[in-house]
Structures are given as C-alpha cells and as structure tokens.
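What follows is a single structure, written as structure tokens, with notes after it.
The values are calculated or read from the model by the stated rules, or taken from the named source; none is laboratory data. Predicted, not measured: the structure shown is a model, and the values here were computed from it. Positions of Cβ are generated from backbone atoms using ideal geometry, with glycine treated the same way; all protein chains shown enter the neighbour counts.
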Amino acid sequence: MTQTLEANARDAARDVAITRRLATVAGLIGFVLSVLTPLLPVVQTTATLNWPQNGRLGNVTAPLISEAPVSLTATVPCEVIRSMPPKGGLVLGLAPAKGKQASLNSMFVNVTSQRVDITDRNVVIASVPRARVVGSASAPGCSRIEISSTTAGTFATFVGLTDPATGKEQRGGFPDPNLRPAIVGVFTDLTGPAPPGLTFSATIDTRFSTKPTALKLAAMLLAIAATAVALAGLWRLDRLDGRRMHSLIPQRWRTFTAVDFTVVSAFLV
C-alpha cells in the first residue's frame, strides 16, 4: 500500500514537473513571438496612376485617391500648346477646374491667350509667356515641359527655353515637400488621340495598404497557439496541486453599498 502511494506521488510529481516545463516554455515562446510580431515585415501594395489611358485623351477620375502622392512626374510636349486654340485651355489638372477649393489643393497646367501657367496648391510654380513657349522663326520655342513633385519639392522646367534674367534653363519651383498636390483624377480640355510624349504618372501613397508576410502570419499563429498551450498548462497545474486560482475581483468589490449608490446617482444627475 505504501509503495503504491509512493508511486502515485512520484507520478504526480513527474506530471507536475513536465507540465510546469511545458507551460514555461510555451509561455516564453508566446511572449517572444508576440513581441516580435510588430517588428516583422509586411507586404505593401503599390499603386500608380498613369495618363493618358488607352491612347486617348480624356478625363480620368480616381475618387479613392485624395491624398498627396509619394511622387509624380509629367511631361507636356510644347507641340501640344502650339496646337491649342487661341483662347487656350486646361492641358492637365489633378482636380476638376471648377471643383471646390481645387486651386487651393491641386495642380494645374493651364494655357491662356497670353501665358502658360503651372500652379500647385495656389502657388505659381512657373509662368512663361505663351509666345515664348510657342516660339517663332527667329526664336524657337520649347520642346517640352517637365514637371516633378516629390518630398524634395515641386519643379517645372521648360526644356529648350532660357531664362532671360539668369541665362540658365527656364525653371521654376520650390523645395517644399508640402507642395505635393492632392489628386482626385486627371482632367483636361484636350481630346482625341494622345500625342507622343504626353505623359503623367503618380505613385500613390499606399503605406497603410499592407498585409502580413508568411513569416509574420506564422509568428502570429504560433504566438496564439503557444499562449493557449501555456494557459492549458497552468490550468493543468492547478488541477494537479489541488489549488484553485483566486478570483481577480475581491468579494467586497462585488457588493453594492449605499456609498456606491450615492456615487452612481451623483454621476447620473
């Protein structure tokens, strides 16, 4: 009888030791993986908006893209400006020209009867007389207009034109990252087939459009599984040593007294 009791005691002690080790190791694994999960890599979705599309000129709306892009580039051949009517028109705008606060938040390449203006967030990036852009027999015009907007700033260059004041290439802009325009689409007064060289491309800010990598997902699942094993081990230990887990809420906290009634009534009033 005594030997049987001793054997049972040894078995119980062995079960407690094994369960304790298992709960400890599983708990540590769950803790480490939970800490590492936010630091593991994710897959970021990248998106770009390109224009013209399908080789045709026309408006392109992008209603889900209302924030500033990571970067954008645009190239406008000066031949496009030469072919526009005398009154001019909108070559390229990143919001409807008559939209609410459009000029305050977006970018426009606009041609009037007198000038070619590039504005961004109500700031004039570059403004050149239309006659200089178009050119003449004695003074050739520009070949193209190159526009860029990044965290380094927003700039426009009239390739082929020289600034009379500096003698350098005609260029305007400001090194301000906050000048990146909001985009709700690409809008234009131009119609017909897209002319060669007319391009626009914007890299959309998708920093929050992510999904976990296989490594990160595996770490999350293993952390949950390890934590569950650790909790099961603790429950098993409570059963083996005959102890019960104390209540997290003391008994006296679960009684409702006159003082509690007074405080609750005061809050309700």
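Figures for the structure shown
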{"item": "Contacts under 8 angstrom Cβ, first residue in region 218-230 being assigned by TED's automatic domain parsing to the domain that holds ARG21, partner at pLDDT below 95 and outside any helix (DSSP H, G or I), 6 or more apart", "result": "ALA219/LEU40; MET220/PRO212"}
{"item": "Residue selected from region 28-62 under the condition hydroxyl-bearing (Ser, Thr, Tyr) and not in a loop (DSSP other than H, G, I, E, B), by the criterion farthest from the chain's Cα centre (by Cα)", "result": "SER34"}
{"item": "Single condition LEU33 does not satisfy, out of (1) modelled with pLDDT of 90 or more; (2) in the same structural domain as LEU104 (by TED's automatic domain parsing)", "result": "(2)"}
{"item": "Residue within region 211-232 that is in contact with a Ser or Thr (Cβ under 9 Å, 6 or more places away or on another chain) and more than 30 Å from ARG21 (Cα to Cα) present", "result": "yes"}
{"item": "Residue count, region 63-109 (criterion: closer than 19 Å to ARG180 by Cβ and not in a loop (DSSP other than H, G, I, E, B))", "result": "15"}
{"item": "Extreme residue, nearest to PRO86 (Cα to Cα), among residues of region 142-200 that are part of a loop (DSSP other than H, G, I, E, B) and aliphatic (A, V, I, L, M)", "result": "LEU190"}
{"item": "Criterion (among the β-branched types (Val, Ile, Thr) and exposed (fewer than 14 other Cβ atoms within 10 Å of the Cβ)) met by exactly one of VAL109, VAL80, VAL35, VAL70", "result": "VAL35"}
